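Single-structure report; data block below.
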Amino acid sequence: MDITSLLGPEPSYLPALRANMVSTLTGSATINDLSEAMGNDTDGKLFQALRGWADVVFVGGQTVRSEDYSGVEQHSPDSPPAPIAVPTQSLKFEPDSKFLTHFTTAPLFLVPHAALQNPEVSARKGPLEAAGAEVIDAGEGTMQDYLRVLRERGFQRILCEGGPGMLGQLVHIDAIDQMYLTLDPHLSTGVEKPVATFHGTHSHRRMHLENIAADTDSTVFLRYSRASEPVD
């Protein structure tokens, strides 16, 4: 399958935010609590192509821990790979974890200013920085603050890889320009983890289908972009 057609053209405007998620047919973002059992080789290639497009990869802390994240692969010898930026209020990451020992470009931790004043959080900052990470003051720690900090650092192409809480917050503030959704052909008896969650007043954004493609194993790839209708 042509990965270029799945990825689609460059957005006509910058900054732009793309989200990439996978779901079973019954709406679960995980199988046995992980997403790695879902998708196929084509999904993996699209995953890497999206990372190659991005200036920064934006991922929730729980996803980094549960999915055992490491750094972004280098796609071009002429440019370093995108860093991974993680919003967190606790900085509860192990300096010897794969995330802190297997990277080419230093990961970024975005921490609310108030959290950095907490002695427990402050004590974790030094070891993480010694392991190569950069800890950044993210103001009040709203999703708008996180995106502002990234864009102020020159990151125009932002890729969100989840998890559900992160995606839900981005939907709530109407920040997603393109949504890539891989439908894994599994049925499940329940939704272990929904694709998006949000604790508060729900928002909705109608999207426009740009591309649909089915692989030989019945995995389906969907790409949506913003429709003209505003958030409800």
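Nothing in this text is a laboratory measurement; each read-out follows from the coordinates by a stated rule. Model, not experiment: these values are computed from the prediction. FYI the Cβ positions are ideal-geometry reconstructions off the backbone, even for glycines, and counts take in every protein chain you see.
To the nearest Å, what is the center-to-center distance of the range 151-210 and the range 1-56, using C-alpha atoms only?
For the range 151-210 versus the range 1-56, the Cα centre distance is 11 Å.
Roughly what would the spin-label model give for Ala114 and His102, points 7 Å off Cα along C-beta, in nm?
So the label points at Ala114 and His102 sit 3.7 nm apart.
Any idea which of Gln117, Cys160, Leu46 is furthest toward the positive side of the dipole for the chain, if Lys and Arg beta-carbons carry +1 and Asp and Glu beta-carbons -1?
Farthest towards the positive end: Gln117.
Using a Gaussian network for the chain with springs between C-alpha atoms less than 10 Å apart, which of these wobbles most: Ser28, Ser122, Ser79?
Ser79
With each pseudo-label sitting 7 Å past Cα toward Cβ, what's the Asp78-Leu187 distance in nm, one decimal?
Each label point is offset 7 Å from its Cα along the Cβ direction, giving 5.1 nm.
For the chain, go through all pairs of different Cα atoms, get the mean of 1/r, take its inverse, and jot down that Kirkwood value in Å. Walk me through the intermediate numbers first.
On the way: mean 1/r = 0.0545 Å⁻¹.
Computed over the chain, the radius equals 18.3 Å.
Residue by residue, what Karplus-based ³J(HN,Hα) values in Hz, rounded to whole numbers, does the range 160-177 have, using 6.51, -1.76 and 1.60 with θ = phi - 60° and x for Gly and Pro?
In residue order, the calculated couplings are 9, 10, x, x, x, x, 4, 4, x, 5, 5, 5, 4, 9, 6, 9, 8, 8 Hz.
May I ask you to compute the full-extension gain from Ala227 to Asn32, defined as 0.36 nm times their residue separation minus their alpha-carbon distance, rounded to one decimal in nm? Kindly include the intermediate steps, with their values, before the conclusion.
Numbers: separation 195, 0.36 × 195 = 70.20 nm, distance 3.42 nm.
Full extension of this stretch gives 66.8 nm more.
With angles folded into 0 to 90 degrees, how steeply does helix 41-53 sit against the dominant principal axis of the chain? Use alpha carbons for both and round to 10.
50
Out of the range 160-232, which trypsin sites (Lys or Arg not before Pro) are coil in DSSP terms and have no more than 15 other C-beta atoms within 10 Å? Intermediate values should be presented prior to the final figure.
On the way: sites: Arg205, Arg206, Arg223, Arg226; in loops: Arg205, Arg206.
Loop-located and lightly packed - Arg206.
For the residue pair Thr4 and Thr142, what label-to-label distance in nm results when each label sits 7 Å from Cα along the Cα-to-beta-carbon direction?
Taking the simple label geometry, Thr4 and Thr142 are separated by 4.2 nm.
Which residue fluctuates the most in the chain, going by a Gaussian network model with Cα springs under 10 Å, if the choices are Gln169, Gln117, Gln178?
Among Gln169, Gln117, Gln178, the largest mean-square fluctuation in the Gaussian network model of the chain belongs to Gln117.
Can you tell me which lysines have their Cα less than 17 Å from the Cα of Lys125? Leave out same-chain residues fewer than eight positions away.
The reachable lysines, counting only those whose Cα sits under 17 Å from Lys125, are Lys92.
Using Cα springs under 10 Å in a Gaussian network model of the chain, which residue among Gly60, Gly165, Gly200 shows the largest mean-square fluctuation?
Gly200
Which shape class applies to the range 19-86: rounded if a/c is under 1.5, otherwise prolate when a/b exceeds b/c and oblate if not, where a ≥ b ≥ c are the square roots of the Cα gyration tensor eigenvalues? Don't skip to the end; give the middle numbers.
On the way: a/c = 2.39, a/b = 1.59, b/c = 1.50.
Verdict is prolate for the range 19-86.
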